[in-house]
């Protein structure tokens, strides 16, 4: 790990100021991703701004929805009674990720800003446009079975690793930010970005901006939801493909359908056209297959991950079926049925 | 030096922090990049917590911070200023836990009773993680215990017996 200055911030203003006055600053809270990346020399900040003492650690009622502070841990959010009752897809998604220990340390803001788990991004000895812009992408043509099938570019095929963010995408959360130019909000759909020719940028955060809260809208998707995660082992593994699905049904007609995919792109993947196909239709397998086919119509496989296209298609159908039936996938039940 | 909110502490400066470690209040000087695990092992000679992977993947470094289990390898010691740390060395001394005849914590007794380890390398982390998991109170069935303990790898494969030991203690506490 490189040497760095340490600043303990007491207020958001202090944190933003301390960040801006360093050359290569990073905010640190849970540290579960940043400290790991620093041990690999992938991140080499010259200043760490410790934000753990900022007053951003509460979950509050907000305009009929919930405002989850950026420093609320993943565990606290997932087990919060209000989150479990009103946004169970979020609770389920968070608990599908990482481990008990990591969820106890990792925060909402950190989860949003975690970096890809592409092997080449982590390996200093290989080219990676995300780690070192312009150096190339060793994943293209390399070991890439975990990589993107949607929205990738010739510069980067990394995926966003979060489970939580996939649920936030389906729930259409809003991210509240503070920075040198004041406060602003970003829709979750605009928070993460596709790699394009600047894969070093994971998000649309401006330099020095800090997450204040994740705001959940006043909607009730507590009945028809699922978070379905498919991975190489049954716990503590990143998703090959995951689906967060929420439906609103009215006498066997789909009133609202939203679903997002994890593990397939540089950001949680939603397809508005595919969701529109479900609107006003009966929740049948045929209809779900139509939507799934639509999502993968432009999917581009890499040399080792063509299987993910069919996996994604089937995961969408199964996820929507589970959501419609009101039978979400419990985390401790590992049966694939 | 003591830390002042908002003021950068230059690299190479040791920072004064207070930690309660296994019940004992300690005043320590730490470099900002020292992880909690390295502080425990290298500077305080508490080598029970293990550096298995040093990347949060194996759970051998699991300790309790204010009763909450975390990977000590991914925590910077300076950020835990003011916290109470419990390592495997402190389990027997955890207050009001009804330590057994030889002074061990009930989960330690249960690990011995159920043969819940072979080489023992992962055991300090398994023990701290078990206690943290029981404090959390969300796992009740065997399947739920397995899922909740997935952050602790045992390469000897003692998982079945580890779950037996945890279940035993949970049932004992429920009966109490």
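The values are calculated or read from the model by the stated rules, or taken from the named source; none is laboratory data. Remember, it's a predicted structure, so these values are computed and weren't measured experimentally. Note that each Cβ is placed from the backbone with ideal geometry, even for glycine, and that neighbours are counted across all protein chains shown.
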>> Based on this model, can you work out whether residue A:189 counts as part of a helix (DSSP H, G or I) and surrounded by fewer than 24 Cβ atoms within 10 Å (Cβ to Cβ)?
In response: yes
> For residues in segment B:2-26 being modelled with pLDDT of 95 or more and more than 20 Å from the chain's Cα centre (by Cα), which is surrounded by the most Cβ atoms within 10 Å (Cβ to Cβ)?
Replying inline: B:15
> When the residues of segment A:62-71 are filtered to those that are surrounded by 18 or more Cβ atoms within 10 Å (Cβ to Cβ) and away from chain B (no Cβ under 14 Å), which remaining residue is farthest from the chain's Cα centre (by Cα)?
Replying inline: A:65
>> Where the second residue is at pLDDT below 95 and the first is closer than 12 Å to residue A:4 by Cβ and lies in segment B:23-35, which pairs have Cβ atoms under 6 Å and are six or more apart or on separate chains?
In response: B:33/A:1
> When you scan segment A:21-37, how many residues do you find that are within 24 Å of residue A:102 (Cα to Cα), more than 8 Å from chain B (Cβ to nearest Cβ) and free of Cβ contacts under 8 Å to residues at least 60 places away in the same chain?
Replying inline: 1
>> I'd like to verify a number: residues in segment B:78-88 that are outside any loop (DSSP other than H, G, I, E, B), more than 28 Å from residue A:235 (Cβ to Cβ) and within 13 Å of chain A (Cβ to nearest Cβ), how many?
In response: 1
> Would segment B:116-131 turn up any residue that is loosely packed, with under 14 Cβ neighbours inside 10 Å, out of contact with any helix residue (DSSP H, G or I) (no Cβ under 7 Å at 6 or more places or on another chain) and within 11 Å of another protein chain (Cβ to nearest Cβ)?
Replying inline: no
>> For segment A:6-20, give me each residue that is facing chain B (nearest Cβ under 8 Å) and either modelled with pLDDT under 95 or crowded, with 22+ Cβ neighbours inside 10 Å (or both).
In response: A:6, A:7, A:8, A:9, A:18
>> Pairs needed: first member in segment A:72-100, within 13 Å of chain B (Cβ to nearest Cβ) and free of Cβ contacts under 8 Å to residues at least 24 places away in the same chain; second member anywhere, crowded, with 20+ Cβ neighbours inside 10 Å and part of a helix (DSSP H, G or I); C-beta distance under 7 Å; at least 6 residues apart or different chains.
In response: A:84/A:91; A:91/A:78; A:91/A:83
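Yes/no matrix, rows are residues, columns are (1) within 14 Å of another protein chain (Cβ to nearest Cβ); (2) surrounded by fewer than 20 Cβ atoms within 10 Å (Cβ to Cβ); (3) assigned to a helix (DSSP H, G or I):
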site: A:283; (1), (2), (3): no, yes, no
site: A:293; (1), (2), (3): no, yes, yes
site: A:297; (1), (2), (3): no, yes, yes
site: A:310; (1), (2), (3): no, yes, yes
site: A:314; (1), (2), (3): no, yes, yes
site: A:324; (1), (2), (3): no, no, yes
site: A:327; (1), (2), (3): no, yes, no
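Okay, residues lined up against (1) within 7 Å of chain A (Cβ to nearest Cβ); (2) within 20 Å of residue B:86 (Cα to Cα); (3) modelled with pLDDT of 95 or more:
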{"site": "B:138", "(1), (2), (3)": "yes, no, yes"}
{"site": "B:145", "(1), (2), (3)": "no, no, yes"}
{"site": "B:148", "(1), (2), (3)": "yes, yes, yes"}
{"site": "B:171", "(1), (2), (3)": "no, no, no"}
> Which of the residues belonging to segment B:101-125 are free of Cβ contacts under 8 Å to residues at least 40 places away in the same chain and in a helix (DSSP H, G or I)?
Replying inline: B:108, B:109, B:112, B:123
>> Take the residues in segment B:45-77 that are at the interface with chain A (Cβ under 10 Å from one of its Cβ atoms) and either at pLDDT below 95 or in a helix (DSSP H, G or I) (or both); name whichever of them is nearest to the chain's Cα centre (by Cα).
In response: B:72
> In segment B:27-44, which residues are surrounded by 14 or more Cβ atoms within 10 Å (Cβ to Cβ), within 14 Å of chain A (Cβ to nearest Cβ) and assigned to a strand (DSSP E or B)?
Replying inline: B:30, B:35
